[in-house]
Amino acid sequence: MVRQEQGPVRGSGQDPALQFISSFGPHLHRLCPHFVADPRPTRGSLFRIYRDTRFSPDKRPFKMHVGIHFSHASGKDAHVPVFYLRLEPGNCFAAAGMWHPDSIALTKIRTAIVAKPVQWAKVRRKLEIEGASLVRPPRGFDPNHRFIEDLKRKDFVASVGLTEAQVCGPKFLQDFVAACKAMLPLVEFTTWALGLEPSACCFRTSRS
């Protein structure tokens with residue numbers, strides 16, 4: 001029996017989360033073989049379950065949500081495309097793309113949008129891009145470009161909301177797979193823009 005003081009994530013969320021990561025692995029491989037589903041309890045796809053309580057009056061040791069990321073295998077840091085899942089009461093969603101990429105990655109994505117506007121237009125027709133943006137156009141880019149609002153972006157993320165009924169239902173894995181498929185065009189484009197090895201289904205075009 002799990003002791004109550006272990007907290008909601010440790011007591012009831014960690015093991016199912018690791019099992020979910022394992023179950024999603026084959027589906028992820030079919031979507032993008034170079035993305036990784038790592039079911040290790042630490043340093044894998046599951047974000048750390050412990051809160052940083054050093055400067056907080058709330059000393060509860062465990063988080064109240066579960067975060068899972070499926071990153072490109074070449075990524076040694078946070079600045080690579082990912083699929084993401086967040087499970088929290090009243091705030092469950094799937095997401096994909098790049099959140100707060102560094103300046104080098106941002107420049108590569110912006111340059112790819114300028115170089116391949118037709119392909120980017122296809123991404124935009126399918127997805128609503130979310131996140132923060134610059135107030136002014138970034139230096140070195142045409143302020144009159146047709147995608148100037150996208151060139152001003154500091155994040156390139158899409159998301160799909162999930163209900164608690166879905167998360168707790170028997171088809172949750174299939175629903176998450178469907179959400180990832182819907183967001184795949186953004187992952188493909190950003191993977192190509194960063195020069196990472198694409199999957200078999202990934203964004204197909206030359207850089208010329």
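The values are calculated or read from the model by the stated rules, or taken from the named source; none is laboratory data. Keep in mind the model is a prediction, meaning the values are calculated, not measured. Cβ atoms come from the backbone with ideal geometry, glycine included; neighbour counts cover every protein chain shown.
For residues that are of a type outside the set (D, E, K, R), within 13 Å of the chain's Cα centre (by Cα) and over 18 Å from Gly90 (Cα atoms), scanning just region 141-176, find the one that is surrounded by the most Cβ atoms within 10 Å (Cβ to Cβ). Ranking the qualifying residues of region 141-176, first place goes to Phe156.
Checking Arg54, Arg43, Arg3, Arg10 one by one, the residue that is over 16 Å from Cys168 (Cα atoms), at pLDDT below 90 and either surrounded by 12 or more Cβ atoms within 10 Å (Cβ to Cβ) or small (Gly, Ala, Ser) (or both) is Arg10 and no other. In the set (1) among the hydrophobic types (A, V, I, L, M, F, W, C); (2) in contact with a helix residue (DSSP H, G or I) (Cβ under 9 Å, 6 or more places away or on another chain); (3) closer than 20 Å to Leu46 by Cα, Ala179 fails one condition alone, (2). Considering Val114, Val66, Val118, the condition of being without any contact (Cβ under 8 Å) to a residue 24 or more places away in the chain and hydrophobic (A, V, I, L, M, F, W, C) is satisfied by Val118 alone. Restricted to region 75-91, and to residues there that are modelled with pLDDT under 75 and surrounded by 13 or more Cβ atoms within 10 Å (Cβ to Cβ), the residue that is farthest from Trp192 (Cα to Cα) is Ala78. Summed over region 178-199, residues that are of a type in the set (A, V, I, L, M) and over 13 Å from the mean Cα position of the chain (by Cα) total 4.
Being modelled with pLDDT of 95 or more, assigned to a helix (DSSP H, G or I), basic (Lys, Arg) and more than 29 Å from Arg30 (Cβ to Cβ) holds for only one residue in Arg110, Arg146, and it is Arg110. Which residue pairs have Cβ atoms under 7 Å apart, sit 6 or more places apart or on different chains, and have a first residue in region 174-185 that is of a type in the set (Asp, Glu) and a second that is part of a helix (DSSP H, G or I)? Taking only residues 6 or more apart or on different chains, the pairs are Asp175/Gln166. Selection within region 60-74: residues that are modelled with pLDDT of 60 or more and surrounded by fewer than 17 Cβ atoms within 10 Å (Cβ to Cβ). The member of this set that is farthest from the chain's Cα centre (by Cα) is Arg60. Every condition in (1) in contact with a helix residue (DSSP H, G or I) (Cβ under 8 Å, 6 or more places away or on another chain); (2) surrounded by 16 or more Cβ atoms within 10 Å (Cβ to Cβ); (3) modelled with pLDDT of 90 or more; (4) not in a strand (DSSP E or B) is met by Ala94 except one, and the failing one is (4).
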